[in-house]
Structure formats: C-alpha cells, structure tokens
Amino acid sequence: MAGFVHETADVHPEAIVGEDCRLWQHCVIAKGARLGRECRLGHNVFVEGGVSVGSGTVIKDNVCLYTGVEVDEDVFIGPNAVFTNVTNPRAFVDRKAEFRQTHIKRGATIGANATIVCGATIGAYAFLGAGTVVIGDVPDHALVVGNPSRQIGWVSREGHKLGDDLICPVSGEAYRETGEGLVAIDGAA
C-alpha cells in the first residue's frame with residue numbers, strides 16, 4: 001500500500017486498504033473493512049468490519065461508518081457526519097439482527113454534521129447540505145437540506161446547482177428528469 005498512514009492510525013492486518021490511500025491521525029480501519037484506491041480519511045475516522053468504501057472517496061474528520069453502510073466511488077463525506085444502523089437503538093436491547101443497509105452512491109456529497117438514518121439510499125451525485133437529517137431515499141442529483149431533509153433543487157455531476165433548464169452553468173452538461181432523479185442527456189452521468 002503506497003500512500004500515507006499516520007503513526008497513530010490503527011489498520012487491522014486483515015483490513016483491505018487500496019493503493020495510495022491517506023489515513024490521518026487516529027483513524028481505525030477494522031478487520032474486514034475495505035477501502036478502494038486513493039481514499040483520503042481525516043482525523044478520527046472509524047471504518048467497521050464489513051464496510052466497503054469505494055475508490056477516490058474523501059471522508060473528513062470524526063466520521064464513523066458502521067456495519068450496513070456501503071459507500072461507492074468518489075463520495076465526499078463532510079466532518080462529523082453521522083450514520084445510524086438501527087432505527088430505534090436502546091443500550092439494553094441487542095438489535096444487531098436489525099441492522100439496515102445504507103447505500104451512498106457514486107459522487108454523492110454529504111455535508112458537515114449531516115445525519116443519515118439507516119435504510120436510506122443516497123443517489124448518485126446527490127448533494128446533502130450541512131446539518132441535513134435524511135430519513136428516506138434521496139434521488140440522483142437531488143439537492144436536499146433541512147430536518148427532516150427536503151429537496152430544494154438539482155445539482156450537476158460537478159456539484160453546481162441547476163436552473164429550470166437543467167443545464168450545468170459551468171460544464172454545459174444538460175440533464176433530464178426520470179423517476180430515479182436526473183440523468184445526463186448524453187448518458188454520461
């Protein structure tokens with residue numbers, strides 16, 4: 001594994017860490033966790049066994065990815081984002097058999113201090129504003145904010161807010177709405 005692992009990071013020998021990853025202070029990569037190539041994990045990031053993180057993903061400080069979370073390629077997870085794995089936790093009730101899957105699709109952005117309640121799928125290239133609380137699925141390219149989250153618009157693959165014409169103001173890429181969210185007219189996104 002070429003890349004960088006800070007001396008305080010704890011990478012279990014049976015974790016899979018792709019080439020050119022950068023793991024900063026106090027990261028913990030547990031047995032059975034999988035990181036793709038060129039991932040960058042900030043201070044105090046925990047990746048539990050069974051969790052898969054796709055190549056090119058950036059996870060900022062103080063994020064814990066628990067069993068049931070699956071992160072695709074090129075995802076950005078802001079600092080202090082929270083992921084749950086059961087909907088009704090109690091310290092005195094064992095609910096490990098009730099863990100629900102959470103899937104973050106390619107290119108999504110999760111803002112600082114956002115909370116993702118388990119069982120949600122965050123669509124490809126979706127953008128969750130800082131502090132958003134997600135309690136259900138988010139469509140591809142959706143821009144969502146608030147508690148509970150609500151969609152306030154669409155974003156391009158590059159992360160720019162789209163106007164009514166659904167054309168990226170920077171790249172010129174055009175989109176159209178589908179039942180799953182937006183797709184690029186040329187099929188690239």
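The values are calculated or read from the model by the stated rules, or taken from the named source; none is laboratory data. None of the values given here were measured: they were computed from a predicted structure. No Cβ is skipped: glycine too gets one built from the backbone with ideal geometry, and neighbour counts run over all protein chains shown.
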Take the conditions buried (at least 18 other Cβ atoms within 10 Å of the Cβ) and out of contact with any strand residue (DSSP E or B) (no Cβ under 9 Å at 6 or more places or on another chain) and apply them to residue 100. Does it pass? no
Can you tell me which residue within segment 37-61, out of those that are part of a loop (DSSP other than H, G, I, E, B) and polar (S, T, N, Q), is surrounded by the fewest Cβ atoms within 10 Å (Cβ to Cβ)? 55
Would you check if residue 75 is within 25 Å of residue 127 (Cβ to Cβ) and in contact with a Leu (Cβ under 8 Å, 6 or more places away or on another chain)? no
For segment 81-97, enumerate the residues that are surrounded by fewer than 16 Cβ atoms within 10 Å (Cβ to Cβ) and among the polar types (S, T, N, Q). 87, 88
Failed criterion for residue 132 (all others in (1) at pLDDT 95 or above; (2) loosely packed, with under 14 Cβ neighbours inside 10 Å; (3) over 17 Å from residue 68 (Cβ atoms) hold): (2)
Out of (1) closer than 26 Å to residue 138 by Cα; (2) out of contact with any Lys or Arg (no Cβ under 7 Å at 6 or more places or on another chain), what's the single condition that is false for residue 91? (1)
